[in-house]
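Comments concern the structure below.
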Amino acid sequence: MDVTPVSVNWFPNRRCNYECSFCFHTSKNTFILPIDQAKEGLRALSEAGMRKMNISGGEPFLNPTYIGEIFKFCKEDLGLESTSVVNNGSKVTEKWLDQYGAYLDIMAISCDTFDVETDLKHGRAEKGKATHIGRVFEVVRWCKERGIKVKLNSVITKHNFEEDMNDSIKELAPFRWKVFQALLLEGENNGVENGALRDARSLLITRDQFQSFLDRHREQKCLVPEDNDAMKDSYLNLDEEMRFLNCSLGGKTPGRSILEVGVQQALQDAGFDNKAFIERGGIFDWTREKVVPPSIEW
């Protein structure tokens, strides 16, 4: 039976300017598809039923024109319901938002803590500069001024599971706050001796510790929790060569590229669990409100 790739997470490039210790998609290469090939793959996904396309990384805004043109293509040519980008906020500019913001439904910003020291412990910084938290507030304001929906993504570790983020979350007021339990992936963040660039083993927390964080923030209606079980196999992740990544064995095994074998053949390699996707709330209110120009009165 054919799988419909309703929502796809694409990692077009692995480069990043931060060094987050829990990262599970690290800077192993600098490859990026020529944009015409990328559009060909996205068109095939759209024809197979894709309704939402999310770009993640790496840091997507290290390639600002590339992703901007991709979002424009997804909206103008493919007519997708939703486009979104997960990023750290450090490279977003008002100029980019003015040029491409109309083609973006959701700006998802990674923000794990509102404590500077915790951010530095996590490596959520560029060259050790503690500017991330202030930047998050700035980018959120820019996006809201332009009608772009704001989402926050937080990874919960041993350094932040006891933090109370309620006041800051209320101030930022995202429409969706995704809270992830720190996850180990083979070959990505499980130590140098295992061929990984990052080591998150010392950051892991128990399910009870994760639950204690959720309980502390249960009044936040935007909160969407994901523990390790909820994350497993519930995402269609597409790598820089447009190969689906199978995470079912604890790593991320790339299959065949949709550019070579087509979408349905490539999906057979994905290890995707559609039921888990639905159960984790994979489909939600993901389209921004249309901006209606004011009527002209003569």
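In the range 160-176 there is at least one residue that is within 19 Å of the chain's Cα centre (by Cα), modelled with pLDDT of 95 or more and more than 30 Å from T65 (Cα to Cα).
Go through the range 139-166 and give me each residue that's assigned to a helix (DSSP H, G or I), out of contact with any Gly (no Cβ under 8 Å at 6 or more places or on another chain) and either buried (at least 22 other Cβ atoms within 10 Å of the Cβ) or touching a residue at least 24 places away in the same chain (Cβ under 8 Å) (or both). Step through it out loud before you land on a result.
Filtering the range 139-166 down to residues assigned to a helix (DSSP H, G or I) leaves 139-145, 166.
Retained after the next criterion (residues that are out of contact with any Gly (no Cβ under 8 Å at 6 or more places or on another chain)): 140-142, 144-145, 166.
Within the range 139-166, V140, W142, N166 meet the criteria.
How many residues are more than 18 Å from P12 (Cα to Cα) and either in contact with a Leu (Cβ under 6 Å, 6 or more places away or on another chain) or at pLDDT below 90 (or both) if we restrict to the range 248-267? Going through the range 248-267 one residue at a time, the tally reaches 4. Is there a residue in the range 224-240 that is surrounded by fewer than 20 Cβ atoms within 10 Å (Cβ to Cβ), part of a helix (DSSP H, G or I) and modelled with pLDDT of 95 or more? Within the range 224-240, none of the residues are surrounded by fewer than 20 Cβ atoms within 10 Å (Cβ to Cβ), part of a helix (DSSP H, G or I) and modelled with pLDDT of 95 or more. Taking into account only those residues within the range 75-133 that are at pLDDT below 95 and at positive phi, which is nearest to the chain's Cα centre (by Cα)? Taking the candidates together, the pick is G123.
Consider the range 269-286 and keep the residues that are surrounded by 15 or more Cβ atoms within 10 Å (Cβ to Cβ) and at pLDDT 75 or above. The one that is farthest from V150 (Cα to Cα) is D269.
The values are calculated or read from the model by the stated rules, or taken from the named source; none is laboratory data. If you're wondering where the values come from, they're calculated on a predicted model, not measured in any experiment. All Cβ positions, glycine included, derive from the backbone under ideal geometry; neighbour counts span all protein chains shown.
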